[in-house]
Amino acid sequence: MRVIEVDRFGGPEELRLVEAPAPSPGAGEVAVDVAVADTLWVDTAIRAGHAEQWFPIRPPYRPGAGVAGTVDVVGAGVDPGWTGRRVVAHTAAGGYADRVVVPAEALVPVPDPVALTDAAALLHDGVTAFGLLDLVPVRPGDRVLVTAAAGGLGALLVQAAHATGAVVVAAARGARKREAVRRLGADVVVDYSEPGWTDRVRAEAGDLDVVYDGAGGDHGRAAFALLRPGGRFSAHGAPAGGFAVPDPAQADARQITVTGIRDVQFDPATMRRHLASALAAVAAGRIRPLVGGTFPLDRAADAHRAIEERAVVGKALLTV
């Protein structure tokens, strides 16, 4: 089978396509023929050697933490009814491949109306989005800011907040991304690469009740200042320069509830529950993943470049 390997930290060119023996399932496991592999911004940070403080991964390793596909073979002790079913599953590693072996308990069935591409797009972003909606709830009439709104996670949060009846402010970079989030239901759209973007938020939405910060860095710190006293802030994104976790004393003084990246590191059962909720929401037509680019497995390096260069509107996925 084909699989992507990383022998040393570095640029996207370090993603090498190699041939390896196809794995077989052991007891309690299944083999999944991969149709789509999820890619994440954190995958690029790990590959570049910039995420060692968060993830103890060292080369050589096989990237990829989730797949969508069809169960091909089940191991001993696994219900044979899984054979031939469309599923999504998180993988410990090695998801950028033709075939993966995962524990049967990791499988989440994909509803018939949901494409495998959409299912893969929900593997991480859907879990995080529905987890955040539990931890940092949105109420009708709330004024909600989503930064990195045109990313895979941000796009889901924009739609979910809009469906709740909130006034949604979406912050994204560039005309293509601003137009994409406007189509998803954002009431106010701003470009946080432009000076004075926070002034426009204040003018059009007033003080905010909730901030979902998927950008981090200076963007996240500026977004925190827009919250009203007693507001709710989630610092779950870092692409713009690290997680924008506010100073605890400032948050306490303003009675702002802060949620960080550790709060969305769910146990496997909770992850599967949030993923099933996200899949059901797509099947019912309440939300839809924003998939901006698909790349064949042998162009995994191009997918990483597109993520790093902010060239993809929404999710970038590998099709196998």
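Couple of notes before you dig in:
- Here G314 clears all of (1) assigned by TED's automatic domain parsing to the domain that holds D43; (2) surrounded by fewer than 18 Cβ atoms within 10 Å (Cβ to Cβ); (3) not polar (S, T, N, Q) except the condition numbered (2).
- Top-ranked residue of segment 1-54 - restricted to ones that are closer than 28 Å to G237 by Cα, of a type in the set (D, E, K, R) and assigned to a strand (DSSP E or B), ranked as nearest to the chain's Cα centre (by Cα): D38
- Condition met for A215 (within 26 Å of the chain's Cα centre (by Cα), touching a residue at least 40 places away in the same chain (Cβ under 8 Å) and within 18 Å of T198 (Cβ to Cβ)): yes
- Of all residues in segment 68-103, those satisfying the criterion of being in a strand (DSSP E or B), without any contact (Cβ under 8 Å) to a residue 60 or more places away in the chain and within 16 Å of the chain's Cα centre (by Cα) are A68, A89.
- In segment 233-240 there is at least one residue that is assigned by TED's automatic domain parsing to the domain that holds V168, of a type in the set (F, W, Y) and either farther than 16 Å from L122 by Cβ or buried (at least 22 other Cβ atoms within 10 Å of the Cβ) (or both).
- Note on segment 109-145: among residues that are over 18 Å from A160 (Cβ atoms) and crowded, with 22+ Cβ neighbours inside 10 Å, the one that is farthest from the chain's Cα centre (by Cα) is V110.
The values are calculated or read from the model by the stated rules, or taken from the named source; none is laboratory data. Since the model is a prediction, treat every value here as computed from it, not as a measurement. When we count neighbours, we look across all protein chains shown, and the Cβ atoms used for this are built from the backbone with ideal geometry, even at glycine.
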